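Novice: Before I ask anything, let me first share the structure, which is written out below as structure tokens.
The values are calculated or read from the model by the stated rules, or taken from the named source; none is laboratory data. These numbers were taken from a predicted model, which means no experiment stands behind them. Heads up, the Cβs are rebuilt from the backbone with ideal geometry, glycines too, and the neighbour counts pull from every protein chain shown.
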Amino acid sequence: MSMTATDSEHVLLDVRDLNVSFDSPDGVVEAVRNVSFKLDQGRTLGIVGESGSGKSVSTQSIVGLVQGARISGQARFDGRDLLMLAQPELRAIRGPGIAMIFQNPMSCLHPLYPVGWQIMEMIRAHQSVSRSQARLRAIELLGQVGIPRPDVRVDDYPHQYSGGMLQRAMIAMAIALNPRVLIADEPTTALDVTVQAQILRLLRHIQEQFGTAIIMITHDLGVVSEIADDVMVMYAGRAMEQASREALLRRPRHPYTQGLLRSRPQADSLGRALTSIPGQPPSLIAGARGCPFQPRCTQAISRCATDMPPLAVLAADGNDPHRSACWLTQAEDAP
Ligand SMILES: Nc1ncnc2c1ncn2[C@@H]1O[C@H](COP(=O)(O)OP(=O)(O)OP(=O)(O)O)[C@@H](O)[C@H]1O
Ligand SMILES: [Mg+2]
């Protein structure tokens, strides 16, 4: 997206040149490299890529959930750079400003406390409301996310909920404070396709109702095609391709995106990623040369082994720029 004045008014989250690295016994692990993205109000950004491509680290690092890393860049939210904030300030933003939904509900829910009680405590940690007001709100939220008989189920313990209900309860907790940004990190990966479709519908409904901006992290381009407005394809910590959903699905430009599209699971009812791009993602230890996808790329040219292509704007198909980090697509696009 171009940075005109009118655009920037709607940009809720503006991440630029994000780099995240970890020290390891083998050297510096470069988990995220020069990643930039924007999120507008009421829109959904899909972040796609294979396991280890840096999807979780690139979002968790901006809300202070990555420990022991070196983080640089900018993450502007609400007029402030999140990367400059201390933990207490970030804690105040997590929840009402930016809320998270994770793949595993039990990472957010304690097994020994009733589900509703946990939602109430979360509300009371951020808002001065009475216990009975918080309880009513918890019941309302559980109803909103489609838990049947929420006035009764509010007192259930997590083990009394099914997997799909737990996922909904976690979404209820995430939306309890009307967050402006919802980061959903593989929220449907563990669920069967029917429940997965229900959860995606629920997220879309929440977005329509509250104008929530969503970051949907997934390894499944099917989920992206369902819900995303814009897409960032990540590989080895880098953004390899960025485009609107329409442009990306109509004409994927990067060989990695093309590979992901070809390897889309068609009929796996468990929703597993069936990777059919031969080969393995590379090591992220600093010092590698060339394009990280080159060893697996069927279209690689000699330059790919030595120089990393920049993420360049291609001739736009529509209004939004389409970016790809590939020497081939840039050559195709040369005037
Ligand atoms: N605390 C850490 N110390 C060292 N390396 C880490 C740490 N956390 C993450 N990494 C590395 O950063 C890279 C990116 O991890 P990340 O969790 O973001 O991948 P992902 O795309 O979310 O994968 P998945 O689809 O499996 O969730 C991985 O290689 C991972 O091993
Ligand atoms: Mg992850």
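Novice: Those residues that are assigned to a strand (DSSP E or B) and within 16 Å of ligand 2 (Cβ to nearest atom), I need them from the stretch 44-91; list them, please.
Specialist: To start, the set of residues in the stretch 44-91 that are assigned to a strand (DSSP E or B) comprises 44-48, 69-77, 80-81.
The answer is L45, G46, I47, V48, A69.
Novice: Cβ contacts < 7 Å: first residue within 10 Å of L18 (Cβ to Cβ), restricted to the stretch 65-84; second residue within 16 Å of ligand 2 (Cβ to nearest atom) and not in a strand (DSSP E or B), any location; separation 6+ or different chain. Result?
Specialist: Matching pairs, first to second residue: I71/S61; A75/I62; L83/I62.
Novice: Spot the failing condition for Q60; the list is (1) farther than 25 Å from T189 by Cβ; (2) modelled with pLDDT of 95 or more; (3) within 16 Å of ligand 1 (Cβ to nearest atom), and only one is missed.
Specialist: Result: Q60 fails condition (1) only.
Novice: Looking only at the stretch 264-292, count every residue that is at pLDDT below 85 and aliphatic (A, V, I, L, M) and tell me the total.
Specialist: 4
Novice: So which residues in the stretch 159-168 are at pLDDT 95 or above and buried (at least 20 other Cβ atoms within 10 Å of the Cβ)? So that I can check it myself, show each step before the final result.
Specialist: Within the stretch 159-168, the subset at pLDDT 95 or above is 159-161.
Answer for the stretch 159-168, where residues must be at pLDDT 95 or above and buried (at least 20 other Cβ atoms within 10 Å of the Cβ): there is none.
Novice: Name the pairs: first residue in the stretch 9-28 and without any contact (Cβ under 8 Å) to a residue 40 or more places away in the chain, second residue surrounded by 11 or more Cβ atoms within 10 Å (Cβ to Cβ) and polar (S, T, N, Q), Cβ to Cβ under 7 Å, at least 6 apart or on different chains?
Specialist: Close Cβ pairs (under 7 Å, with a partner that is surrounded by 11 or more Cβ atoms within 10 Å (Cβ to Cβ) and polar (S, T, N, Q)) amount to H10/Q41.
Novice: Would you confirm whether or not the stretch 32-50 contains a residue that is within 16 Å of ligand 1 (Cβ to nearest atom) and among the hydroxyl-bearing types (S, T, Y)? Quick ask: steps written out before the conclusion?
Specialist: Within the stretch 32-50, the first condition is being within 16 Å of ligand 1 (Cβ to nearest atom), and the residues that meet it are 32-35, 37, 45-50.
Narrowing the set further to residues that are among the hydroxyl-bearing types (S, T, Y) leaves none.
Looking through the stretch 32-50, none of the residues is within 16 Å of ligand 1 (Cβ to nearest atom) and among the hydroxyl-bearing types (S, T, Y).
Novice: Also: In the stretch 130-150, which residues are in a loop (DSSP other than H, G, I, E, B) and under 15 Å from N178 (Cα atoms)? Quick ask: steps written out before the conclusion?
Specialist: Filtering the stretch 130-150 for residues in a loop (DSSP other than H, G, I, E, B) gives 130, 145-149.
Selection gives V145 alone.
Novice: Name, by its number, the condition in (1) within 16 Å of ligand 1 (Cβ to nearest atom); (2) more than 19 Å from I101 (Cα to Cα) that does not hold for R131.
Specialist: (1)
Novice: Residues that are touching a Cys at 6+ places or on another chain (Cβ under 9 Å) and more than 16 Å from ligand 2 (Cβ to nearest atom), at least 2 per element: which strands (runs of 3 or more DSSP E) completely within the stretch 161-272 meet that? Talk me through it step by step, then tell me what you get.
Specialist: Values: elements: 181-185, 213-218, 230-235, 238-244.
Those strands (runs of 3 or more DSSP E) span 238-244.
Novice: While we're on this one: Could you list all residues from the stretch 6-19 that are within 17 Å of I98 (Cβ to Cβ) and either buried (at least 20 other Cβ atoms within 10 Å of the Cβ) or modelled with pLDDT under 95 (or both)?
Specialist: Of everything in the stretch 6-19, those that are within 17 Å of I98 (Cβ to Cβ) and either buried (at least 20 other Cβ atoms within 10 Å of the Cβ) or modelled with pLDDT under 95 (or both) turn out to be H10, V11, L12, L13, V15, L18.
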